[in-house]
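Here the structure is laid out as structure tokens; the discussion comes afterwards.
The values are calculated or read from the model by the stated rules, or taken from the named source; none is laboratory data. On a predicted model such as this, the values are computed, not experimentally measured, just so you know. Glycine gets a Cβ as well: all are built from the backbone with ideal geometry, and neighbour counts include every protein chain shown. Note: accessible area is taken over every heavy atom of the protein model, side chains too, but ligands, DNA and RNA are not part of it. Shrake-Rupley method; radii C 1.70, N 1.55, O 1.52, S 1.80 Å.
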Amino acid sequence: MTNLNIVAPDRNAASIAESIAEHGYVIIEALATDLTNRARDELAADIAAAPFGLDEYLGKRTKRVGSLLARSTASRELVVQPLIRALADRILLPHCARYQLNYSGIMHLEPGAKAQRLHRDATLYPVLHPCPPTIMATMWAITDFTADNGATLVAPGSHLWEHDRKPFEDEIVAAEMPAGSVVVFTGGVFHGGGENNSDTVRTGMTLQYTWGWLHQE
């Protein structure tokens, strides 16, 4: 398995943005542990009450919670976390006058959850790949992410592939990271939730940003 592209939280935004441009993704370890712990506590009741997905893509052992900014003050702070904003400035603003929050949601994988079909978020828009990054996505680890409990799977470099190219199994890595960390990737990167073969839950918070004139998801 390919080594993960991991940086420390004190790395400067310019160099991280360059790494994302090359690899399509980066893991920033322990960027906002206090905020993710708060978010876990604030959203616990909503996650407990959420239904499981109705199909394989949504996950029959996966719970999803949306509209996070109305439910959690910590999520509002994560949206505007300074390093994440600085990355969005470098990744999105070269292509638009302003960017916006595109989507917020919890992806909570219970034991037994199956792996999600790998996909590109940017297929939300009718643009052929490779293309400029219409979306910058973040997946915050609310709990530890491990290969066993369903860490997000990513295909490094897939943002540069031709539109119809699909990843082979040996081109996929699991974004393992401790709670409080975040994986940042552009909309052209193939990714998906992993399979939870453990006896623990895997909870992630996705906050996506897109060009300001595109329709929000």
(request) Would you mention how many residues in region 144-165 are open to solvent by less than 40 Å² (accessible area, probe 1.4 Å) and of a type in the set (S, T, Y)? (result) 2
(message) The conditions are (1) touching a strand residue (DSSP E or B) at 6+ places or on another chain (Cβ under 9 Å); (2) at pLDDT 95 or above; (3) surrounded by 14 or more Cβ atoms within 10 Å (Cβ to Cβ), and S67 fails exactly one of them. Which is it?
(response) (3)
(request) Please enumerate the residues belonging to region 85-96 that are in contact with a Phe, Trp or Tyr (Cβ under 8 Å, 6 or more places away or on another chain), open to solvent by 60 Å² or more (accessible area, probe 1.4 Å) and touching a residue at least 60 places away in the same chain (Cβ under 8 Å). (result) H95
(message) Within region 116-140, take every residue that is assigned to a loop (DSSP other than H, G, I, E, B) and within 15 Å of the chain's Cα centre (by Cα) and give me the one that is surrounded by the fewest Cβ atoms within 10 Å (Cβ to Cβ).
(response) R117
(request) Among the numbered conditions (1) more than 25 Å from T33 (Cα to Cα); (2) open to solvent by 10 Å² or more (accessible area, probe 1.4 Å); (3) modelled with pLDDT of 95 or more, tell me where S198 comes up short. (result) (1)
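Answer with yes or no whether T73 is at pLDDT 95 or above and surrounded by fewer than 17 Cβ atoms within 10 Å (Cβ to Cβ). Reasoning before the result, please.
Working: at pLDDT 95 or above: yes; surrounded by fewer than 17 Cβ atoms within 10 Å (Cβ to Cβ): yes.
Considered against the rule, which asks whether it is at pLDDT 95 or above and surrounded by fewer than 17 Cβ atoms within 10 Å (Cβ to Cβ), T73 comes out as yes.
Quick one: is T143 within 15 Å of the chain's Cα centre (by Cα) and in a strand (DSSP E or B)?
Working: within 15 Å of the chain's Cα centre (by Cα): yes; in a strand (DSSP E or B): no.
Against the criterion (within 15 Å of the chain's Cα centre (by Cα) and in a strand (DSSP E or B)), T143 does not qualify.
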(message) Return the residues of region 50-82 that are in contact with a helix residue (DSSP H, G or I) (Cβ under 6 Å, 6 or more places away or on another chain) and either more than 27 Å from Q116 (Cα to Cα) or not in a strand (DSSP E or B) (or both); say none if nothing qualifies.
(response) L68, L69, R71, S72, A74, S75, R76, E77, L78
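Criterion first (open to solvent by less than 60 Å² (accessible area, probe 1.4 Å), touching a Lys or Arg at 6+ places or on another chain (Cβ under 9 Å) and modelled with pLDDT of 95 or more) does I106 satisfy it? Before you say what the answer is, go through the steps one by one.
Details: open to solvent by less than 60 Å² (accessible area, probe 1.4 Å): yes; touching a Lys or Arg at 6+ places or on another chain (Cβ under 9 Å): yes; modelled with pLDDT of 95 or more: yes.
Yes: the conditions hold for I106.
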(message) Which pairs turn up if I take residues in region 166-188 that are within 17 Å of H119 (Cβ to Cβ) and look for partners that are basic (K, R) with beta carbon separation below 9 Å, at least 6 apart in sequence or on another chain?
(response) G187/R120; G188/R120
(request) Determine whether region 20-28 contains at least one residue that is open to solvent by less than 20 Å² (accessible area, probe 1.4 Å), touching a helix residue (DSSP H, G or I) at 6+ places or on another chain (Cβ under 8 Å), of a type outside the set (V, I, T) and more than 21 Å from D121 (Cα to Cα). (result) no
